[in-house]
Amino acid sequence: EGAESWGSPIGPDDLKGMAAYAPGGGDLPAGSGTVAQGRDLYGERCAHCHGEELEGIPETGGAKLVGGRGSLASDKPVKTVESYWPHAETLFDYVKRAMPFDDPGSLTDDEVYAISAFILNRGGILPEDAALDAGALAQVKMPNADGFYPGDTYDLRLSWGRADN
Amino acid sequence: EGAESWGSPIGPDDLKGMAAYAPGGGDLPAGSGTVAQGRDLYGERCAHCHGEELEGIPETGGAKLVGGRGSLASDKPVKTVESYWPHAETLFDYVKRAMPFDDPGSLTDDEVYAISAFILNRGGILPEDAALDAGALAQVKMPNADGFYPGDTYDLRLSWGRADN
Amino acid sequence: VGVAAAQEAAKAPPGAVLYDVPADPTKEMGRALLEDGGYGTRSQFETEVRIKEDNPTDTTSWTFTPLAAMLGNLTPSGLHFERHHGGIPTIDPTHHNLFVHGMVAEAKKFSMADLKALPSVTRKHFIECSGNTLTEWKGVTAKNVQRTHGLLSTSEWTGVLFSTLARAVNLDPQADWVLAEGADAAVMTRSIPMDKLMRDGMIVYGQNGEALRPEQGYPLRLLLPGYEGNTHIKWLRRLQVSDKPFMTREETSKYSDLYSDGRAKLFTLEMDPKSVITFPSGEMKLPKPGHYEITGFAWTGRGRVQAVDISTDGGKTWAPARLDTQPEPQCTVRFSFPWHWDGSEAVLQSRCWDETGARQLTRGDLIEMRGVNSVYHYNAIQSWAVDAAGEVTNVQV
Amino acid sequence: VGVAAAQEAAKAPPGAVLYDVPADPTKEMGRALLEDGGYGTRSQFETEVRIKEDNPTDTTSWTFTPLAAMLGNLTPSGLHFERHHGGIPTIDPTHHNLFVHGMVAEAKKFSMADLKALPSVTRKHFIECSGNTLTEWKGVTAKNVQRTHGLLSTSEWTGVLFSTLARAVNLDPQADWVLAEGADAAVMTRSIPMDKLMRDGMIVYGQNGEALRPEQGYPLRLLLPGYEGNTHIKWLRRLQVSDKPFMTREETSKYSDLYSDGRAKLFTLEMDPKSVITFPSGEMKLPKPGHYEITGFAWTGRGRVQAVDISTDGGKTWAPARLDTQPEPQCTVRFSFPWHWDGSEAVLQSRCWDETGARQLTRGDLIEMRGVNSVYHYNAIQSWAVDAAGEVTNVQV
Ligand code: HEC
Ligand code: HEC
Ligand SMILES: [Ca+2]
Ligand SMILES: [Ca+2]
Ligand SMILES: [Ca+2]
Ligand SMILES: [Ca+2]
Ligand SMILES: [Ca+2]
Ligand SMILES: [Ca+2]
Ligand SMILES: [Co+2]
Ligand SMILES: [Co+2]
């Protein structure tokens, strides 16, 4: 009996409700939703924290979800889904897992597609008549997709080596 | 400012009520007490836990204080003040600091001399008419005074070295 | 413990129980043992507590460890800093499983009993939130060291090495990343490089000799020595093995570091060398000129602390500090430095190096390199000014 | 914390607070932070407690650490074993002083503030009562490892070296012994050899990162690495320097070791090499044949643990165990050993050596050397029998 006997096999239902949706979309679930559907859902489930105009409501902790494009190199960078997020799949993944904050994990896949479509529309990323499903979501190109360094770097001049004095 | 500045000098009253009475008697306090005085005090302050005959009352936790001489090498050694304690000063020191258990530290020096005299008398160490003070207590020779090894030893045969197998 | 006792307890400081204080404890029998039911509490005279950030909701917020009050190197479990994104869940360990699946030959689940039966390791490590000290990027903000550096705690952790589980599930050798997922309301997720997990990643159930505290992920958390705190997924329920990172919200929208050119770094995971003087520190007052022992903590995510220096003149001159504990990998050390304060103004600083040669930066160098919008990984040298009255304040020089 | 909360708390296990358990913690917001007032508690699912000896009075008695439930090497402060001779005093630290006098050039007192301002050290050490395992001298008595070996605990301790105080009081070089005295109702006293105090004796105020717990001597105790527990005077108030031992009641009537010739040894202070298997151990049951990780603790008062061996056949054959923590001076180590139980009867044993070469004795050797009336310092190899049903019991072989 070595390591192969440790733990037990995962049953067919064990992972039900557990998923993560990485960029590329291969893992995204079935289902779909439109901007129009998303507008209504957003109004019911999200607006009391994130604002009717997605402007954020600081007193609730609900972040601003749109705006801020072009601000990242300024003194006052505004980071939102629109301005900062590199991948649209992350929006689906996060809303599905953690939102609405006051009833987490309560949305169906269709609802999450719809709400994501609405947020991306209000961020000027999708047109008003857009619909999202697995394939469409994976095609979305986010405005800041190229806004990240390719990897970590060592700044040897400043960070390494003993100081002079 | 080195170590010499750390802490502060001890004031004249700081150590009041703090003492320890080591063998030799040089530190023992003034005062005195007789076996007869001790008998009464013992009856009032000690007997309900240690027994009228100093036989101990297990339910109270009060130890047997006399008897047990000659038992130490037997299967059932009985350790008491009489049979085991090497120094009479220790009796004074301990009763003064910690007894009576239900009112610790409440006895005067005279009372402790008297009670010590009584316990040592009942242990066959002092005569019925004995009195104790600093000088007399330091002279008491306890029955088991020589019952201790001079120092710690290493049993190399058994305790040291790696086992064979 | 009866209701009367509980009412009495309600008047004591958190974590303590009130008892009468005798005038002379040698003249009165003390309290009996096991009045505490068999699990003791701290002294009623000890009042230091975690304090919380003033956030809109206390279910996504953080609390700070009272670093200046710490005695020794460990953080008492009751004072370990917290960061929650969906509150503190209450999880029955008999129903909790860890699922390991994805790029593995045999997907497996492990109950808590399974995990506790596997070979374990016990190691002492700090955890630091990569947001620790973030208030100081744009200027002096926090007033004391609990607020400037209190998202840092050190514990003895016990659990199973990730590599042990990797053998059990027969890991695909092509795998490069693992998604770790928590069972809280945030269903927190982070992608972890396989190299890290295989080197020293741990699945821990023990903290300071007992089970993890609820706030620290009871019954199970990920422990990634030296990595930013957010990656040490609490209430761990799932590890999904993959060949690429998942780009979760936490690692893109949140724990990424914005540079002044408007671009950001992802996956800045190792915590940089850092140190801070905890005595004297902000909001303290030195009663009079004389001898003081400057003390503090130093740490690095990259290995062991190599050395700590102290300056009392705002960085003009430096002298080595004593290390008062043995440096261990990814663990805090305590340092100290004997100082004669002559009553004139002084600026106290500490800086450290680690065994890789990485050093703690001056504020100027850090900002030259990173700008002021990075949010995370602020590890500049901290300055405390002592004025002629002995008042100690947070300054930047 | 209000009264209602306190009433609720009264229903939780000691050291815990009861919360509702959601069916799915990912679908419901967890509790907010700082509901605990800023000092956390253990999980409501953790129920292990200290248990007490059944003595006539609970003010002179002891409690045992639940060793089999310990995760890691440290003992949580709330589960540290206790031995009190006059109950647990409640002492206000602002009124507590340490007096150092006798054979010194400058008798001094040190307030708690004085002591905390001095250079400190932080070290991890076990404390073991020399009465640990005393029930086993005359035959099998205790049923589980909490009762057989639970007068053993390990903590990180912080405080001032005795040698630091020795400089401050200008110690007389002729001094050979120091009386240490506590401020409890027993006014506990022990004489300590100067060599020990000058080598590594500590005056500690910190335990596991915070102040000493009340049961452990708050606000101050003596810490003598590797010495029998009774010498680590709690609630320490006085150190009287002398050229001879004081022959206190504790060190003559009590903590002396009677040999079969009727003579006794005084001042047997160093704890001998000792180890014990905590899993599997007495009163446990192995559910079925298969793979088990044997685990336990080893320790020695003389330095570091060198090695641990395991036997599964009652001492006929031995094989080395893994050391799962780094040996440190006078500190426990965790060991483990992978064992395939084939379902037949087995007798499990561990034995250890320390870096001085001292070894843990068989019961036969120990009794040959010391008789059965020594009371203290029982360090024989412990045997746990596993029967064919998997039941584990305490045996002597
Ligand atoms: C009761 C308040 C509340 C409601 C309702 C709510 N949110 Fe949120 N939202 C929050 C809070 C608080 C956070 C920050 C969570 C954290 O700290 O991790 C957040 C974060 C987010 C973020 C991440 C923002 C970023 O920049 O990282 C997104 C996207 C989001 N919410 C979308 C939604 C959507 C879509 C809905 C409705 C389906 C919704 N929220 C409903 C409070 C709310
Ligand atoms: C309320 C009960 C009680 C009373 C009253 C009491 N004792 Fe004790 N005595 C005890 C207990 C309990 C112990 C053991 C204390 C310990 O565990 O350290 C003890 C221990 C002793 C011992 C040490 C025994 C040994 O062999 O080590 C002596 C001597 C002693 N008592 C003398 C006295 C005297 C003299 C008095 C009265 C002045 C007295 N006691 C009153 C309960 C009592
Ligand atoms: Ca009294
Ligand atoms: Ca690869
Ligand atoms: Ca880096
Ligand atoms: Ca819900
Ligand atoms: Ca000498
Ligand atoms: Ca010895
Ligand atoms: Co980072
Ligand atoms: Co001894």
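The values are calculated or read from the model by the stated rules, or taken from the named source; none is laboratory data. Values in this document were obtained by computation on a predicted structure and should not be read as measured data. Cβ placement follows ideal geometry from the backbone for every residue including glycine, while neighbour counts extend to all protein chains displayed. The accessibility values were calculated without ligands, DNA or RNA, using every heavy atom of the protein model including side chains. Shrake-Rupley method; radii C 1.70, N 1.55, O 1.52, S 1.80 Å.
Would you mind working out the accessible area per residue for segment C:274-395, using a 1.4 Å probe, and quoting it in Å²?
Using a 1.4 Å probe on heavy atoms only, each residue of segment C:274-395 averages 34 Å².
Could you check the spin-label model distance between residue C:27 and residue C:396? Points 7 Å from the Cα along Cα→Cβ, value in nm.
5.9
Out of the total accessible area of chain D (probe 1.4 Å, heavy atoms of protein only), what percent is carbon and sulfur?
51
With all protein chains present, how much of the accessible area of segment B:23-145 (probe radius 1.4 Å) comes from carbon and sulfur, to the nearest whole percent?
Here carbon and sulfur together make up 51 percent of the probe-accessible area.
Looking at chain D as a GNM with Cα springs under 10 Å, which of D:170, D:144, D:379 has the largest mean-square fluctuation?
D:170
Compute, for residue C:261, the solvent-accessible surface of its heavy atoms (probe 1.4 Å) with the complete set of protein chains present, and express it in square angstrom to the nearest 10.
Taking all protein chains as shown, residue C:261 has close to 80 Å².
What does the copy distance list look like for residue C:287, label position 7 Å along Cα→Cβ, in nm and ordered from shortest?
Listed shortest first, these distances are 6.1 nm.
Over chain C, with a Gaussian network built from C-alpha contacts below 10 Å, which listed residue (C:219, C:119, C:327) shows the highest mean-square fluctuation?
C:119
Cα gyration tensor of chain B, axes a ≥ b ≥ c as square roots of the eigenvalues: rounded (a/c below 1.5), prolate (a/b > b/c) or oblate?
Oblate, since a/c reaches 1.5 and b/c is not below a/b.
With an 8 Å cut-off on Cα pairs and a minimum separation of 6 or more residues, tell me the relative contact order of segment C:60-145 in percent.
22
Averaged per residue, what accessible surface does segment D:132-228 expose to a 1.4 Å probe, in Å²?
22
If you count, for every residue in C:180-190, the Cβ atoms of partner chains within 10 Å of its Cβ, what is the mean?
Whole-number average of other-chain Cβ neighbours for C:180-190 is 6.
For the cross-link pairs C:109/C:234; D:124/D:265; D:143/D:234; A:79/C:138; D:244/D:274; C:27/D:234, which exceed 19 Å when the distance is taken from alpha carbon to alpha carbon?
D:124/D:265; D:143/D:234; D:244/D:274
So, in nm, how far is label residue A:5 from label residue D:244 when the simple model puts each one 7 Å beyond its Cα toward the Cβ?
Taking the simple label geometry, residue A:5 and residue D:244 are separated by 6.6 nm.
Straight-line reach from residue A:141: which aspartates and glutamates have Cα under 19 Å away, leaving out those fewer than 8 places along the same chain?
A:27, A:82, A:89, A:93, A:128, A:129, A:133, C:251
Give, as ranges by residue number, the residues of segment C:196-218 whose backbone N falls under 20 Å from the point 7 Å along Cα→Cβ of residue D:35.
C:212-218
Please report the accessible area of residue C:254 (heavy atoms, 1.4 Å probe, ligands and nucleic acids excluded) in Å², nearest 10.
So the heavy atoms of residue C:254 present about 70 Å² to solvent.
Using a simple spin-label model with points 7 Å from Cα along the Cα→Cβ vector, what separation in nm is obtained for residue B:36 and residue A:128?
Simple spin-label model gives 11.9 nm for this pair.
Taking 0.36 nm per residue of sequence separation and subtracting the Cα-Cα distance, how much length would be gained by fully extending the chain between residue D:174 and residue D:11, in nm to one decimal?
Here the segment from residue D:174 to residue D:11 would lengthen by 52.9 nm.
Could you state how much accessible area is buried at the C-A interface, both sides summed, with a 1.4 Å probe, in Å² to the nearest 100?
Using a 1.4 Å probe on protein heavy atoms, the buried area is about 4900 Å².
Restricting attention to segment A:20-77, which trypsin sites (Lys or Arg not before Pro) occupy a DSSP loop and are surrounded by at most 16 other Cβ atoms within 10 Å?
Within segment A:20-77, the qualifying trypsin sites (Lys or Arg not before Pro) (loop, at most 16 other Cβ atoms within 10 Å) are A:69.
Within the protein assembly as shown, what percent of beta bridges assigned by DSSP are antiparallel, to the nearest 5?
90
With a 1.4 Å probe and all protein chains kept in place, how much accessible area does residue C:247 have, in Å² rounded to the nearest 10?
Solvent-accessible area, nearest 10 Å²: 20 Å².
When chain D is treated as a GNM, springs tying every alpha-carbon pair under 10 Å, which of D:384, D:235, D:318 comes out with the largest mean-square fluctuation?
Of D:384, D:235, D:318, the most mobile in the Gaussian network model is D:318.
Do any trypsin sites (Lys or Arg not before Pro) in segment C:308-356 lie in a loop, going by DSSP, with at most 13 other beta-carbon atoms within 10 Å of their beta carbon, and if so which?
C:316
What number, in percent, do you get for the relative contact order of segment C:36-95 if the mean sequence gap of Cα pairs under 8 Å and at least 6 apart is divided by its residue count?
Relative contact order here is 31 percent.
For segment D:93-265, what's the relative contact order in percent, using C-alpha pairs closer than 8 Å and at least 6 residues apart?
Answer for segment D:93-265 is 27 percent.
Give the nm distances, rounded to one decimal, from residue D:21 to the matching residue in every other copy, measuring between label points 7 Å along Cα toward the beta carbon; shortest first.
Result for residue D:21, in nm, nearest copy first: 4.1.
Once D and C are treated as a pair rather than alone, how much accessible area drops out, both sides summed, in Å² to 100, probe 1.4 Å?
7000
Counting helices only, and only those DSSP H runs with n ≥ 4, report the 222 nm mean residue ellipticity of the protein assembly as shown as the sum of -39,500 (n - 2.57) divided by its residues, in deg cm²/dmol to the nearest 500.
Here the helix-only value at 222 nm equals -4500 deg cm²/dmol.
I'd like the residues of segment C:103-124 whose 1.4 Å-probe accessible area shrinks by no less than 50 Å² going from the isolated chain to the full set of protein chains.
C:108, C:109, C:119, C:122
If the only charges are +1 at each Lys and Arg Cβ and -1 at each Asp and Glu Cβ, what is the size of the charge dipole of segment C:93-265 around the Cα centre, to the nearest 20 debye?
Charge dipole of segment C:93-265: 240 debye, to the nearest 20.
Grab the beta carbon distance between residue C:340 and residue D:372, set R0 = 45 Å, and tell me the FRET efficiency rounded to 0.05.
0.15
Solvent-accessible area per residue for segment B:1-152 at a 1.4 Å probe radius, Å²?
45
Which of the residues in segment C:344-384 lose at least 10 Å² of accessible area when you go from the chain alone to all protein chains together (probe 1.4 Å)?
Residues passing the criterion (a loss of at least 10 Å², heavy atoms only) are C:351, C:353, C:356, C:357, C:358, C:359, C:361, C:365, C:368, C:369, C:373, C:375.
Along Cα-to-Cβ, 7 Å out, sits the label point; list in nm, shortest first, how far the one on residue C:243 is from those in the other copies.
Ordered by distance, the counterparts are at 8.3 nm.
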